[in-house]
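Report on the following structure.
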Amino acid sequence: MKIAWLDSVHPVLWDRLAAAGMECLEATSVSREALLAGAGAGWEGVVIRSRLTLDAPLLDALPRLKCIARSGSGVENIDLAAAAARGIRVFNSPEGNRDAVAEHAVGFLLMLLHKLRAADASVRAGRWEREAHRGRELGSRTVAVVGFGHTGEAFARRLACFGCRVLAVDPYRQELEAAARSVGAVAMPLEAAQSLADVVSLHVPLTAETTQLVNPAFLEALRPGTLLINTSRGPVVDTAAVLDALDRGRLAGAALDVLEFEESSLEAIRGGSATLERLRNHPEVVLSPHVAGWTAESYVRLSDVLADKLLAAFRP
């Protein structure tokens, strides 16, 4: 079986598949144009992250393709319907970075509640302002986890250790109530959770339904002073609406690891937007560069999980 690497991932995936007798091919510099011209006509599998979008025309140019291995959880750069119609199996590895994302989300939440960004800046500026940086404890908060898959559940498990009340929201999760109970959470519809939550944390895939899920109407349904965390995908959030909600107190703070201004490769952002500059300068916002799932441990685990799945499906 010939499998081509269109993106770089941890070498444990290459090593394990090669050891099982599969032919691994380096193709990280192969362009979309080259693929459309037939460069991958003999490949039976591809390993990707976010460099390329595997849409119907590109899949047509890979006539022997049997599988797509996407390192990470998101599959928005794969036309799933087109893949299914061609009998191509799609594998991803949300199990590989769920713990990293969950820990990052907890870190975000602690930063917001304990005013750590402002406190650090204050001390570095030569001030010693204790009362201005009196924080709030995580254990007394109600947290709505929107999207209760691998990462949402891992986040909920950590919140339970702090004593939080956790609300699990996911209309597509099979046996949601049982999954929620297993980590001490309570399953409920989004509308109910919005009216109860002190914190809303987003762990949803990017789909037509979730694009700009957090919009003015969503924000208006929250309790005044809610905190918002997004470690899913940038376009899930209407950034301008979030900034407006911060300015009028509907939100008390926001922590965003992903931005709607990211390029499709997720490796850079498009500058020049007044909204982006407003976001960067807002005192109640904490930002990170799409690294919630980006740890030394998850780098290895993402590839190990994919190796497990591919070998189970295609071991010679």
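No value in this document is a laboratory result; all are computed from the given coordinates. These numbers were taken from a predicted model, which means no experiment stands behind them. Here Cβ is always computed from backbone atoms with ideal geometry, including for glycine, and neighbour counts include all displayed protein chains.
Some observations on this one:
- Phi-based couplings in Hz for region 299-306 (Karplus 6.51, -1.76, 1.60; Gly and Pro marked x): 4, 6, 5, 4, 6, 4, 5, 5
- Summed side-chain charge close to Asp170 - residues other than Asp170 whose Cβ falls under 13 Å, Lys, Arg +1, Asp, Glu -1: -3
- Gained length - Leu311 relative to Ser182, 0.36 nm times residue gap less alpha-carbon distance: 43.4 nm
- From its DSSP helices (H runs of at least four residues, each -39,500 (n - 2.57)), the chain gives a residue-normalised ellipticity at 222 nm of -11000 deg cm²/dmol.
- With Cα atoms as the point set, the radius of gyration and Dmax of region 1-96 evaluate to 12.3, 35 Å.
- Ascending count of other beta-carbon atoms within 10 Å, so fewest first, for Phe162, Phe148: Phe162, Phe148
- What the Kirkwood sum gives for region 61-177 is a hydrodynamic radius of 17.4 Å, with every pair of different alpha carbons counted.
- Working note: Cα gyration tensor of region 122-258, eigenvalues times five, square-rooted, sorted largest first, giving semi-axes of 26, 19, 13 Å.
- Region 100-146 versus region 267-316: alpha-carbon centroid distance in Å: 22
- Least to most buried among Asp55, Asp7 (fewest other Cβ within 10 Å first): Asp55, Asp7
- Percent of Cα pairs exceeding the 17 Å cut-off, where the set is region 1-57: 33
- The Stokes-Einstein estimate for the chain, based on a Kirkwood radius over Cα pairs and taken at 10 °C with 1.306 mPa s viscosity, is a diffusion coefficient of 76 µm²/s.
- Of the residues Leu227, Leu311, Leu213, Leu167, the one with the fewest other Cβ atoms within 10 Å heads the list, and the complete ranking is Leu311, Leu213, Leu227, Leu167.
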